[in-house]
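*Asks:* Got a structure for you, written out below as structure tokens; questions coming shortly.
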Amino acid sequence: GAIQGAAQLLPEDPALGPWTRVIREEVARLNHVVGQFLVYSRRSPVDLRPVELRSWLLRSIDRLQSGIALAKPEAPVGIRLDEAALAGIPASLPMDSEAIFQVLENLVRNSVEAGATEVVVSAGVSASGDGLLVEVRDNGRGIREADLAKLFVPFYTTRPSGTGLGLSISQRIVEGHRGRIEAIVPEGGGACFRIRIPLEAYR
């Protein structure tokens, strides 16, 4: 926090610009890494509260876009909500909105690290009609078939700078909502993560 604050207070100087950007980016990365270790070390119960789903999704997309724009200003990534897929979703349901946002943030971060230039988030009712289905799709490098079975194993990562905790934390959060998360390799490339939360868990 002190380093981040000091970097923001440095005078606007073209000669210092690249170095202050490096400081800000590295502080953000380290903050994320430390935060993941702290979250993983604590098993906090989910805090279920009624959430107006559509407005929450719209706010979440704005937060994700702003966060990625700050972290990667040199590599713009488009994050959008597939509003056509929202038909039929519950108007409101109890969930831990910050915890589920963290899941979305982890998935979007992975997409950016995989070179994606576009990430699409969609939400709807599952085909069986008894669950909420959220998908995060991207056009990045995708997932190797050999890695699918290991993605949610703690500390397993395919990136030199990764901690291997983001997906295991996401899985823990989703399972805390009595749901499940899975990764698939879609036709045409990229990656897709599906989050299913049973609606009967809240009745």
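*Asks:* Return yes when Ile169 is of a type in the set (Val, Ile, Thr), under 24 Å from Leu57 (Cα atoms) and open to solvent by less than 20 Å² (accessible area, probe 1.4 Å) and no when it is not.
*Replies:* yes
*Asks:* Please enumerate the residues belonging to region 77-136 that are of a type in the set (Asp, Glu) and under 21 Å from Gly190 (Cβ atoms).
*Replies:* Matches in region 77-136: Asp82, Glu83, Glu105, Glu113, Glu118, Glu135.
*Asks:* Only one of Ser122, Ser92, Ser97, Ser66 is over 22 Å from Ile181 (Cα atoms), small (Gly, Ala, Ser) and modelled with pLDDT of 80 or more; which?
*Replies:* Every option except Ser66 fails the conditions.
*Asks:* Sticking with this structure for a sec: In the list Val153, Val108, Val121, which residue meets the criterion of being open to solvent by less than 50 Å² (accessible area, probe 1.4 Å) and either among the aromatic types (Phe, Trp, Tyr) or outside any helix (DSSP H, G or I) (or both)?
*Replies:* Going through Val153, Val108, Val121 in turn, the sole match is Val121.
*Asks:* Does any residue in region 172-198 that is under 12 Å from Arg137 (Cα atoms) and in a loop (DSSP other than H, G, I, E, B) come within less than 7 Å, Cβ to Cβ, of a residue that is modelled with pLDDT of 90 or more and of a type in the set (S, T, N, Q) six or more places away or on a different chain, and which pairs are these?
*Replies:* Taking only residues 6 or more apart or on different chains, the pairs are Gly189/Asn139; Gly190/Asn139.
*Asks:* Continuing with this model, one more query. Yes or no: Gly129 modelled with pLDDT of 90 or more and assigned to a loop (DSSP other than H, G, I, E, B)?
*Replies:* For Gly129, the condition - modelled with pLDDT of 90 or more and assigned to a loop (DSSP other than H, G, I, E, B) - is not met.
*Asks:* So which pairs qualify, if the first residue must be in region 82-111 and closer than 24 Å to Pro45 by Cα, the second must be among the β-branched types (Val, Ile, Thr) and assigned to a loop (DSSP other than H, G, I, E, B), the Cβ gap must be under 6 Å, and the two must be at least 6 apart or on different chains?
*Replies:* Hits for this filter: Asp96/Val46; Ala99/Val46.
*Asks:* Still on this model: Mind checking which residues of region 159-186 are at pLDDT 85 or above and over 15 Å from Asn106 (Cα atoms)?
*Replies:* Across region 159-186, the qualifying residues are Glu175, Gly176, His177, Arg178, Gly179, Arg180, Ile184, Val185, Pro186.
*Asks:* Considering only residues that are surrounded by 19 or more Cβ atoms within 10 Å (Cβ to Cβ) and either free of Cβ contacts under 8 Å to residues at least 40 places away in the same chain or not in a loop (DSSP other than H, G, I, E, B) (or both), which ones fall in region 136-150?
*Replies:* Answer for region 136-150, where residues must be surrounded by 19 or more Cβ atoms within 10 Å (Cβ to Cβ) and either free of Cβ contacts under 8 Å to residues at least 40 places away in the same chain or not in a loop (DSSP other than H, G, I, E, B) (or both): Val136, Arg137, Asp138.
*Asks:* Taking interchain pairs and intrachain pairs at least six residues apart, which have beta carbon atoms under 7 angstrom, with the first residue in region 5-22 and free of Cβ contacts under 8 Å to residues at least 24 places away in the same chain and the second of a type in the set (A, V, I, L, M) and assigned to a helix (DSSP H, G or I)?
*Replies:* Between residues of region 5-22 that are free of Cβ contacts under 8 Å to residues at least 24 places away in the same chain and residues that are of a type in the set (A, V, I, L, M) and assigned to a helix (DSSP H, G or I), the close pairs are Ala7/Ile23; Ala7/Val27; Thr20/Ala7.
The values are calculated or read from the model by the stated rules, or taken from the named source; none is laboratory data. Everything numeric here is computed off the predicted structure, so don't read it as measured data. Cβ: placed from backbone, ideal geometry, glycine included. Neighbour counts: every protein chain shown. Please note that ligands, DNA and RNA were not included when accessible areas were found on the heavy atoms of the full protein model with its side chains. Shrake-Rupley method; radii C 1.70, N 1.55, O 1.52, S 1.80 Å.
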